[in-house]
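Heads up, the thing below is written out as structure tokens.
The values are calculated or read from the model by the stated rules, or taken from the named source; none is laboratory data. This one's a predicted model, so the numbers in the text were calculated from it and none came from an experiment. Note: ideal-geometry Cβ built from the backbone for every residue, glycine included; neighbour counts use all protein chains shown.
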Amino acid sequence: MRKMILMLVVSTLFLAAVAAKESGPAAVAVSRGKNGEESFFIFGTGATGKLSDLPSELRKSGCREADLSAWSSEIDYGKLLAALERKGIRVTRCYVPDPGRASWFRKNLAGPEPEARGKRSLSFVRALIEENEYNRRYKLPGKFETVKYVTIHNTAEPFSARQERDRVDSRRDNMSVSFHFAVDEREAVQILPLDIHGWHAGDGAQGPGNTQSIGVEICRSQCRGAADWQYRRSEENAEILACALLRHFGLTAEQLRMHRDWSGKYCPHRILEENRFESFRARVAERLSEKPDREEREILRGLSGR
Ligand SMILES: [Zn+2]
């Protein structure tokens with residue numbers, strides 16, 4: 001009897017440990033180099049290696065679910081998905097570009113919008129990247145002298161805001177890439193302190209895009225087809241976040257910018273493709289002319305650290 005109780009306690013502890021580790025699907029970037037070598041990169045852990053080792057690597061880190069994204073159609077995704085399934089790893093989404101066509105969410109495993117979606121939800125999450133030596137060097141360049149703009153981006157990925165945050169935190173490729181917020185259909189995730197400027201505008205160390213603007217990445221911009229709703233709701237939430245940021249810094253909707261305004265990069269690609277930046281600006285301006293609603297008040301509380 002005592003043995004049984006002990007076993008029960010041990011197995012409960014084990015289950016609790018596994019549950020604690022599982023914080024949603026891991027985001028995985030899959031690529032194929034010029035020499036044909038296929039590799040992976042896991043955003044949260046920064047683990048990288050040969051693609052054939054991906055299933056065991058995910059198991060090792062306690063992940064049972066993965067979101068995949070790739071920019072190469074040459075990889076055998078059928079084989080990869082089967083290998084992951086054999087290891088008991090569920091692929092919740094798999095973004096693969098179609099050869100010869102615009103990038104497309106070919107294997108949309110995320111599914112359609114839940115029917116009973118209820119009210120739109122938006123929570124403020126402060127999850128700043130770690131202040132280690134590497135991040136200070138490549139992602140936390142220095143204090144803002146002034147904040148004059150809010151710059152809008154699209155991630156060009158299917159990933160969530162928390163996954164994008166993990167990607168910034170864990171990348172070690174000596175690229176200077178950072179932004180202040182990632183926003184998806186549920187959350188506005190703050191990644192950088194509001195008094196530190198980021199590297200998101202592509203206009204260099206003196207450019208006003210990098211040194212005078214808050215960077216907002218609207219996530220899920222490669223969610224299309226049946227998963228399109230996730231992008232639409234992410235953009236709706238970005239309106240609330242952008243409005244709260246303008247209000248917080250005492251700016252107007254005229255001070256909203258696109259990444260393209262600073263460096264010519266085709267970003268935010270979804271908004272540009274669908275020619276919607278001026279209507280986005282108009283919706284933010286209308287919101288700004290009114291008193292903040294419940295959702296915006298939560299964001300404003302988050303911004304002021306309360
Ligand atoms: Zn951008």
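Quick notes on this one:
- Selection count where residues are outside any helix (DSSP H, G or I) and within 16 Å of the ligand (Cβ to nearest atom), scope the stretch 218-273: 13
- Residues satisfying the stated conditions in the stretch 179-203, i.e. within 12 Å of the ligand (Cβ to nearest atom) and closer than 26 Å to Ser304 by Cβ: Phe179, Ala182, Gly198, Trp199, His200, Ala201
- Test: residue in the stretch 160-169 that is hydrophobic (A, V, I, L, M, F, W, C), more than 19 Å from Glu236 (Cβ to Cβ) and either more than 16 Å from the ligand (Cβ to nearest atom) or at pLDDT below 95 (or both): yes
- Against the criterion of being more than 15 Å from the ligand (Cβ to nearest atom), buried (at least 21 other Cβ atoms within 10 Å of the Cβ), more than 18 Å from the chain's Cα centre (by Cα) and within 27 Å of Leu288 (Cα to Cα), Thr211 qualifies.
- Matching residues in the stretch 159-192 - criterion: being of a type in the set (Lys, Arg) and out of contact with any helix residue (DSSP H, G or I) (no Cβ under 9 Å at 6 or more places or on another chain): Arg162, Arg165, Arg167
- For the stretch 140-157, the set of residues classified as within 16 Å of the ligand (Cβ to nearest atom) and either buried (at least 24 other Cβ atoms within 10 Å of the Cβ) or outside any loop (DSSP other than H, G, I, E, B) (or both) consists of Tyr149, Val150, Thr151, Ile152, His153, Asn154, Thr155, listed by residue number.
- Residues of the stretch 185-199 that are part of a loop (DSSP other than H, G, I, E, B), at pLDDT 95 or above and closer than 17 Å to Thr155 by Cα: Ile191, Leu192.
- Search result, residues across the stretch 29-76 that are over 23 Å from Asp166 (Cβ atoms) and part of a helix (DSSP H, G or I): Ser52
- Which numbered condition Leu241 misses (of (1) surrounded by 21 or more Cβ atoms within 10 Å (Cβ to Cβ); (2) at pLDDT below 95): (2)
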